[in-house]
Amino acid sequence: MRITDVRTTKRGRVALYVEGEFLLSMHPDVFAVSGLSVGSEVDTESLETLSAEAELKKAKEKALNLLSYKEYTTKQLTDRLKRHTDEESAEQAVARMEELGLLDDDDYAERFARDLSERKKFGILRIRQEMRQRGLTSEQIEYATSLLRSDPEEKMREIIARKYPLAYEDEKVRRRAFSALMRMGYPAAEVRRVLTVSEYD
């Protein structure tokens, strides 16, 4: 195949054409070291190599861009990258981010669990659920939650006092408080016990 045209796209990538038909686009750096130009002959194997390099470059740039805005777990970042590139490039880009110290699931797990417990006042069941949804492993979840030092009963009583002060006097309020605490991840038996006995009893 002979390259018949080379153009710069609106996004700054280099697009290659063969016989007037679009072939592929790549990062300018990849194109610069490829040695390609109009009139160059390319075979299928060379194209596959170039395409893989171009995809990996794109995946790394996208990963850096995403991480500049917020934190991700490795699974979250891999899933996001797969929307824009192939699975292999996404996984390689994520591995590179880990090498650079920009991704650390162990550290993320500990900080995330602490934030859910202390700031959002979630119970252990909700904390584990939120962590699983972010792709953290069972080992990471168990270790991170084992570090939590807040007292579940104390947190529940704080929530009741702030949002449902009449829970010990009004049955309807008590039921609303029960449902809310269950959604927040507190075990049913513990919720019933706290709602049955006021701290002032």
Item to check | the stretch 73-121, residues that are closer than 23 Å to Lys60 by Cα, among the polar types (S, T, N, Q) and touching a Leu at 6+ places or on another chain (Cβ under 7 Å) | outcome: Thr73, Thr74, Ser89, Gln92
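Counting just the residues of the stretch 64-112 that are of a type in the set (Asp, Glu) and closer than 29 Å to Glu48 by Cβ, which one comes out modelled with the lowest pLDDT?
Going residue by residue through the stretch 64-112, those that are of a type in the set (Asp, Glu) are 71, 79, 86-88, 91, 98-99, 104-107, 110.
So of that shortlist, the ones also closer than 29 Å to Glu48 by Cβ come out as 79, 86-88, 91, 98-99.
Numbers: Asp79: 96, Asp86: 89, Glu87: 92, Glu88: 92, Glu91: 95, Glu98: 96, Glu99: 95.
This residue is Asp86.
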Checklist entry - Which of the residues that make up the stretch 4-21 are closer than 26 Å to Lys62 by Cβ and surrounded by 14 or more Cβ atoms within 10 Å (Cβ to Cβ)? => result Val6, Arg13, Val14, Ala15, Leu16, Tyr17
Item to check | the stretch 99-123 residues that are at positive phi and of a type in the set (D, E, K, R), paired with ones that are surrounded by fewer than 20 Cβ atoms within 10 Å (Cβ to Cβ) and outside any helix (DSSP H, G or I) (beta carbon under 9 Å, 6 or more apart) | outcome: Lys121/Ser150; Lys121/Met184
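Can you spot a residue in the stretch 170-185 that is on the phi > 0 side of the Ramachandran plot, in contact (Cβ under 8 Å) with a residue 60 or more places away in the chain and in contact with a Ser or Thr (Cβ under 9 Å, 6 or more places away or on another chain)?
Filtering the stretch 170-185 down to residues on the phi > 0 side of the Ramachandran plot leaves 185.
Among the residues that remain, those that are also in contact (Cβ under 8 Å) with a residue 60 or more places away in the chain are: 185.
Filter again for in contact with a Ser or Thr (Cβ under 9 Å, 6 or more places away or on another chain), leaving none.
No, the stretch 170-185 has no match at all.
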Next on the checklist: Testing Glu169 on (1) charged (D, E, K, R); (2) more than 23 Å from Glu110 (Cβ to Cβ); (3) under 26 Å from the mean Cα position of the chain (by Cα), one condition comes back false. Which one is that?
Outcome noted: (3)
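The values are calculated or read from the model by the stated rules, or taken from the named source; none is laboratory data. These numbers come from a predicted model, not from an experiment. Reconstructed Cβ throughout: ideal geometry from the backbone, glycine too, with neighbour counts over all protein chains shown.
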